[in-house]
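Chemist: First the structure, then my questions, so here it is.
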Amino acid sequence: MSLARAAFIPIPPGSRPGFDHADVYGAGRRLYLAHPGADRIDVLDCAANTFLRSVPDLPRVAGVLIDEEHDLLFSSDRGCASVSVFRCSDERLLGRAAVGPHLTVQTEQGAHTSGWDPIGRALYVFCPRSDSAAVYEERA
């Protein structure tokens, strides 16, 4: 496969440089990009190749994971040691869970493994400094 740049999308800078994991919400043709230097998730329009908006107040957000079938977006917010859960279609915050320091949501991107079990409705959160995992199950 050969790739060629098709567009360049300016993204508003943060107070610190850096991006982290991203995931795509296919139904809305949106890419969600963790922007830890700005404490937010940046939302890009994949059809128009434009910056749309940001989801703010996510201290040092490090990872994004989308479960399109269940319309969920998870973020790993290292700066406040929590995981945020949003309804992906409208980016409404559904809840947060404290997970402790140095924990990260593992995404399906790159060398990472899936962290969300859609059948068991459980989120796996990994602590690399203690070689452990925490499991969070959806409450009824």
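Here, each number is a calculation from the coordinates, and none is a lab measurement. Keep in mind that what you see is a predicted model, and the values were worked out from it rather than measured. Note that each Cβ is placed from the backbone with ideal geometry, even for glycine, and that neighbours are counted across all protein chains shown.
Chemist: Taking amide H positions as placed in the peptide plane 1.01 Å from N, state which residues far from residue 53 in sequence (5 or more) or on other chains have amide H under 5 Å from it.
Modeler: Excluding prolines and chain starts, which carry no amide H, the hits are 43.
Chemist: Next question, about the same structure. Provide the per-residue ³J(HN,Hα) series for the range 60-65, in order, calculated from phi with Karplus coefficients 6.51, -1.76, 1.60 and θ = phi - 60°, each as a whole number of Hz, with x at glycine and proline positions.
Modeler: For the range 60-65, the Karplus-derived couplings read 6, 3, 10, x, 10, 9 Hz, x marking Gly and Pro.
Chemist: I would also like to ask the following. For the range 34-45, in order, what is each residue's ³J(HN,Hα) by Karplus, 6.51 cos²θ - 1.76 cosθ + 1.60 with θ = phi - 60°, in whole Hz (x at glycine and Pro)?
Modeler: Calculated HN-Hα couplings, in order: 5, 10, x, x, 10, 6, 7, 9, 8, 10, 10, 8 Hz.
Chemist: Under 5 Å between amide H atoms, partner at least 5 residues away or on a different chain: which partners does residue 116 have, H built in plane at 1.01 Å?
Modeler: Answer set, sorted by chain and number: 124.
Chemist: Would you tally the net charge around residue 88, using a Cβ to Cβ cut-off of less than 11 Å, leaving residue 88 out, and scoring K and R as +1, D and E as -1?
Modeler: -4
Chemist: Estimate the FRET efficiency between residue 81 and residue 117 by the formula 1/(1 + (r/R0)^6), using the beta-carbon distance for r and 22 Å for R0, to the nearest 0.05. Show your work: numbers first, answer last.
Modeler: Numbers: r = 22 Å, r/R0 = 0.99.
For residue 81 and residue 117, the calculated efficiency is 0.50.
Chemist: Another question, then. When the Karplus curve 6.51 cos²θ - 1.76 cosθ + 1.60 is applied with θ = phi - 60°, which whole-Hz ³J(HN,Hα) does each residue of the range 68-75 get, with x for Gly and Pro?
Modeler: Using θ = phi - 60°, the values come out as 5, 4, 9, 6, 10, 10, 10, 10 Hz.
Chemist: On full extension of the chain, what length is gained from residue 68 through residue 27, given 0.36 nm per residue of separation minus the C-alpha to C-alpha distance?
Modeler: 14.0 nm
Chemist: I've got another one for you. Around residue 47, under 12 Å between beta carbons, what's the net of Lys plus Arg minus Asp minus Glu among the other residues?
Modeler: Details: positive: 29, 30; negative: 45.
So the environment of residue 47 carries a net charge of +1.
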